[in-house]
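The values are calculated or read from the model by the stated rules, or taken from the named source; none is laboratory data. Note that this is a predicted model, so its numbers are computed, not measured. Note that each Cβ is placed from the backbone with ideal geometry, even for glycine, and that neighbours are counted across all protein chains shown. Surface accessibility is based on the protein's heavy atoms, side chains included, excluding ligands, DNA and RNA. Shrake-Rupley method; radii C 1.70, N 1.55, O 1.52, S 1.80 Å.
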Amino acid sequence: MKEKREKLFTEFPPVSTDEWMEKVTADLKGVPFEKKLVWRTKEGFELMPFYRKEDIKDLPLLGTLPGEYPYVRGTKTHNIWLVRQEIIVCDHLSQINEKIKNLMEHGVTAVGLHFEDDQVSAAAVREVLEGIDLSKLEVNFYSCVRYVVRMAEAVVEAFDKMGVAPESVQGSINYNPFRRLMIRGERWNPWKETGVELLKAVAPLKNFTCFTVQSIDFVNAGAYIYQELGYALAAGAEILSTFSKESGCSVAEVAKRTRFDMGVGSNYFIEMAKFRAVRWLWAMIVKANDGNAPEESLKATVHVENSMWNKTVYDSYVNLLRTQTETMSAAIAGVHSMTVVPFDVAYEDEYSDFGERIARNQQLLLLEESHFDKVVDPAGGSYYVEHLTDAIGKQAWRLFLEVEEQGGFYALANEGVIQEKINASNDERHKAVATRRENLLGTNIFPNFTEKAGEEKIAGKKDLTRKQVDVTPLDFRRGGSDFEALRMSTEQKGNAPKVFMLTIGNLAMRLARSQFSSNFFACAGYQLIDNLGFESVEEGVNAAIAADADLVVLCSSDDEYAEYGPQALDALAGRIPLVIAGAPKCMDELKEKGIEHFIHVKVNVLETLQMFNQLLGVQAK
């Protein structure tokens, strides 16, 4: 008997876009659709509230499959990525060796070995890797650019003495010729000669890359997503053209030796689209420079690390939520490998064992329990994600062409132009955090009222700001750093200012204003005294004085402020500053009567709290 198959939802008639728009317009009741529902992203393009099949019908890449040029759907026909952990190689080499073995037993399949200058030697490499099955581990070596050729030679020599065939190991010697310019503002003249020597040194390491575009630095400096992608492509193109000419190698050979160390932030779908777009655009760049390039050289190798910009000291366990969604974006997008940063990365000078274990398990959770490795490009075909991939790709491509027209990545970075543009984005994003147009949960919104950073966090917080040498370096201030400095000033003072909520009048409004005000002042670490409500302003003022309050916040409805505001001001008689929670229509009249302070959703939260810190004598020691 043949199985009867039915098409689902046949009882529902098809609905056209015009019908959807007619319904939406009616529900908006006269509010312009473009103003209310169309999102203008920070990346420079607009997003609609819904997408349909017709919106992506003209996109050129829809017919491709995973593993097919231009690799927007992935360079692989599976979705297994390498679980990577970073290790500083400074001393105690035998302990590092044991640590790597232990990590492999707990699911790690790649390591990033960051060598201090005095440890760059074949003996050190051998001691670190002795007894490790390198067929099961990707090894990635990092060193100062001055020692990168020595690093490559040391790896080749160590493999020889260990009896390991160099072509049997996968990994990288990471040379970023532009990094000193970007993060330290130092010009480094022998960058071309070093790259040529490095190509010769890595010749035996057939499965190693040696040029690295570390766009993670752009992300940590606050770059927007399209900037990271556009500048990363420009840096990669500079590497292709420079070292193919200088070394005599083909563009395809240099491309095979290049990898991208990219960042990932919390913009879930756009980040996903970014990794799909980088493979597409990089394949186009390589093919445009070498029409005969073999397929393998067109495939971008992308390693991903979580952004530091949005990680916070206060309420640091929220960092786990951030890194988890970021890791999901990268995993769904089909990257080569990932390093998840520990949740305590913003304040620990060295990663804690607990933080590293949790970070490692975040990837294993996706692999072993959520089965993210079972489906290649699960976002493929999504109208929204396909549109995003095209939109972020085009926006980044415009930036890439702009850089090329102005002389290329090195020429602009050598004058500090790219650094200044990224720093301008960082400044803009800090202003967005200050005004809560960009939220950092637990820092500038919904803070943990009672949390203390403690001496350990204060001492351990990192300052990645570099002094300018030749050109402007990148600015690595994290998004929450200004609020953290504000709250640490309060904490170091010892006795936090007391903020008293004088709640009166309309029940719903006084509770809402009280909650808003509590969250507002908690961002600075102030002590909060909330109340259910008072029968009179005089009763509330007497309670505030009895509580030894430093600020009184009047919480009521807009209509009642005209009456209660002057009453509170008179009752306080200048003994305690008065704050009005809201922006009532009578604000100008209240100001004329002598009320100076108002807090509401449109104020600059950071600047307002800094003003109160100064008013109340809260200064960092």
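Condition check: among the polar types (S, T, N, Q), modelled with pLDDT of 95 or more and more than 26 Å from Ser94 (Cα to Cα). Does Thr109 satisfy that?
Criteria not met by Thr109.
Are any residues in segment 88-124 among the aliphatic types (A, V, I, L, M) and within 20 Å of His303 (Cβ to Cβ), and if so, which ones?
Ile88, Val89, Ile100, Leu103, Met104, Val108, Ala110, Val111, Leu113
Could we say that Lys374 is crowded, with 18+ Cβ neighbours inside 10 Å, of a type in the set (D, E, K, R) and in contact (Cβ under 8 Å) with a residue 40 or more places away in the chain here? First the steps, then the outcome.
Working: crowded, with 18+ Cβ neighbours inside 10 Å: no; of a type in the set (D, E, K, R): yes; in contact (Cβ under 8 Å) with a residue 40 or more places away in the chain: yes.
In short, no.
Please enumerate the residues belonging to segment 134-174 that are of a type in the set (D, E, K, R), farther than 17 Å from Val196 by Cα and out of contact with any helix residue (DSSP H, G or I) (no Cβ under 8 Å at 6 or more places or on another chain).
Hits for segment 134-174 are Glu138, Glu167.
Identify the residue in segment 89-107 that is touching a residue at least 60 places away in the same chain (Cβ under 8 Å) and out of contact with any helix residue (DSSP H, G or I) (no Cβ under 6 Å at 6 or more places or on another chain) and, among all such residues, is farthest from Arg126 (Cα to Cα).
First, pick out the residues of segment 89-107 that are touching a residue at least 60 places away in the same chain (Cβ under 8 Å): 103, 106-107.
Checking which are out of contact with any helix residue (DSSP H, G or I) (no Cβ under 6 Å at 6 or more places or on another chain) leaves us with 103, 106.
Values: Leu103: 18, His106: 22 Å.
Per the criteria, the residue is His106.
State which residue is modelled with the lowest pLDDT when the search covers only segment 177-220 and only residues that are in a loop (DSSP other than H, G, I, E, B) and among the hydrophobic types (A, V, I, L, M, F, W, C).
Filtering segment 177-220 for residues that are in a loop (DSSP other than H, G, I, E, B) and among the hydrophobic types (A, V, I, L, M, F, W, C), the one modelled with the lowest pLDDT comes out as Trp188.
List the number of the failed condition for Gln395; all other conditions in (1) in contact (Cβ under 8 Å) with a residue 60 or more places away in the chain; (2) within 21 Å of His78 (Cα to Cα) hold.
Checking Gln395 against (1) in contact (Cβ under 8 Å) with a residue 60 or more places away in the chain; (2) within 21 Å of His78 (Cα to Cα), the one that fails is (2).
Quick check on segment 200-208. Is at least one of its residues in contact with a Lys or Arg (Cβ under 8 Å, 6 or more places away or on another chain) and either open to solvent by 10 Å² or more (accessible area, probe 1.4 Å) or of a type in the set (Gly, Ala, Ser) (or both)?
no
Cβ-Cβ under 9 Å, sequence separation 6+ or interchain: first residue in segment 431-451 and touching a residue at least 24 places away in the same chain (Cβ under 8 Å) and assigned to a strand (DSSP E or B), partner crowded, with 17+ Cβ neighbours inside 10 Å and not polar (S, T, N, Q). Which pairs?
Hits for this filter: Leu441/Val318; Leu441/Arg322; Leu441/Pro447; Ile445/Arg436; Ile445/Cys523; Ile445/Val605.
Is there a residue being in contact with a Lys or Arg (Cβ under 6 Å, 6 or more places away or on another chain), farther than 20 Å from Arg179 by Cβ and among the charged types (D, E, K, R) anywhere in segment 400-422? Before the answer, list the steps.
First, pick out the residues of segment 400-422 that are in contact with a Lys or Arg (Cβ under 6 Å, 6 or more places away or on another chain): none.
The answer is no, given that none of the residues of segment 400-422 is in contact with a Lys or Arg (Cβ under 6 Å, 6 or more places away or on another chain), farther than 20 Å from Arg179 by Cβ and among the charged types (D, E, K, R).
Tell me whether segment 74-88 contains one or more residues that are without any contact (Cβ under 8 Å) to a residue 60 or more places away in the chain and open to solvent by less than 40 Å² (accessible area, probe 1.4 Å).
yes
Within segment 135-145, does at least one residue satisfy the condition of being of a type in the set (Ser, Thr, Tyr), part of a strand (DSSP E or B) and surrounded by 14 or more Cβ atoms within 10 Å (Cβ to Cβ)?
yes
Scan segment 302-352 for residues that are of a type in the set (Lys, Arg) and over 24 Å from His114 (Cα atoms) and jot them down. Break it down into steps so the answer makes sense when it comes.
Residues of segment 302-352 of a type in the set (Lys, Arg): 311, 322.
Within segment 302-352, Arg322 is the sole residue that qualifies.
Of everything in segment 467-501 that's of a type in the set (Ser, Thr, Tyr) and closer than 30 Å to Cys555 by Cβ, which residue is least open to solvent (accessible area, probe 1.4 Å)?
Result: Thr490.
State which residue is most open to solvent (accessible area, probe 1.4 Å) when the search covers only segment 116-125 and only residues that are more than 24 Å from Thr339 (Cβ to Cβ) and of a type outside the set (A, V, I, L, M).
This residue is Asp118.
Out of curiosity, is Asp91 farther than 22 Å from Ala273 by Cβ and either assigned to a loop (DSSP other than H, G, I, E, B) or touching a Cys at 6+ places or on another chain (Cβ under 8 Å) (or both)?
Yes, satisfied.
Looking at the structure I just gave you, is Glu386 outside any helix (DSSP H, G or I), in contact with a Gly (Cβ under 9 Å, 6 or more places away or on another chain) and surrounded by 16 or more Cβ atoms within 10 Å (Cβ to Cβ)? Let's see the steps before the verdict.
Numbers: outside any helix (DSSP H, G or I): no; in contact with a Gly (Cβ under 9 Å, 6 or more places away or on another chain): yes; surrounded by 16 or more Cβ atoms within 10 Å (Cβ to Cβ): yes.
No, not satisfied.
Could you list, in sequence order, the residues of segment 585-601 that are under 40 Å from the mean Cα position of the chain (by Cα), surrounded by fewer than 14 Cβ atoms within 10 Å (Cβ to Cβ) and free of Cβ contacts under 8 Å to residues at least 60 places away in the same chain?
Filtering segment 585-601 down to residues under 40 Å from the mean Cα position of the chain (by Cα) leaves 585, 587, 596-601.
Now narrow it down to the ones that are surrounded by fewer than 14 Cβ atoms within 10 Å (Cβ to Cβ): 585, 596, 601.
Once the filter is applied, which keeps residues that are under 40 Å from the mean Cα position of the chain (by Cα), surrounded by fewer than 14 Cβ atoms within 10 Å (Cβ to Cβ) and free of Cβ contacts under 8 Å to residues at least 60 places away in the same chain, segment 585-601 yields Lys585, Glu596.
Between a residue in segment 317-339 that is on the phi > 0 side of the Ramachandran plot and any residue that is among the aliphatic types (A, V, I, L, M), which pairs come within a Cβ distance under 8 Å, given they are 6 or more apart or on different chains?
Cβ pairs passing all conditions: Gly334/Val376.
Name the residue, out of Val149, Val111, that is touching a Ser or Thr at 6+ places or on another chain (Cβ under 7 Å), within 30 Å of Arg184 (Cα to Cα) and buried (at least 21 other Cβ atoms within 10 Å of the Cβ).
Values: Val111 fails: touching a Ser or Thr at 6+ places or on another chain (Cβ under 7 Å).
Among Val149, Val111, only Val149 is touching a Ser or Thr at 6+ places or on another chain (Cβ under 7 Å), within 30 Å of Arg184 (Cα to Cα) and buried (at least 21 other Cβ atoms within 10 Å of the Cβ).
So, Lys57, is that one open to solvent by 30 Å² or more (accessible area, probe 1.4 Å), without any contact (Cβ under 8 Å) to a residue 60 or more places away in the chain and farther than 30 Å from Trp39 by Cβ or not?
Judged against the criteria, Lys57 is not a match.
Just give me the residues in segment 230-253 being of a type in the set (Gly, Ala, Ser) and either touching a residue at least 12 places away in the same chain (Cβ under 8 Å) or closer than 15 Å to Arg179 by Cβ (or both), in sequence order.
Matches in segment 230-253: Gly230, Ala232, Ala234, Ala235, Gly236, Ala237, Ser241, Ser244, Ser247, Ser250, Ala252.
Within the set of pairs 6 or more residues apart or between chains, which connect a residue that is open to solvent by 70 Å² or more (accessible area, probe 1.4 Å) and acidic (Asp, Glu) inside segment 152-171 to a residue that is assigned to a helix (DSSP H, G or I) and modelled with pLDDT of 95 or more with Cβ atoms less than 6 Å apart?
Going by the 6 Å Cβ cut-off, the qualifying pairs are Glu153/Ala201; Glu157/Ala122.
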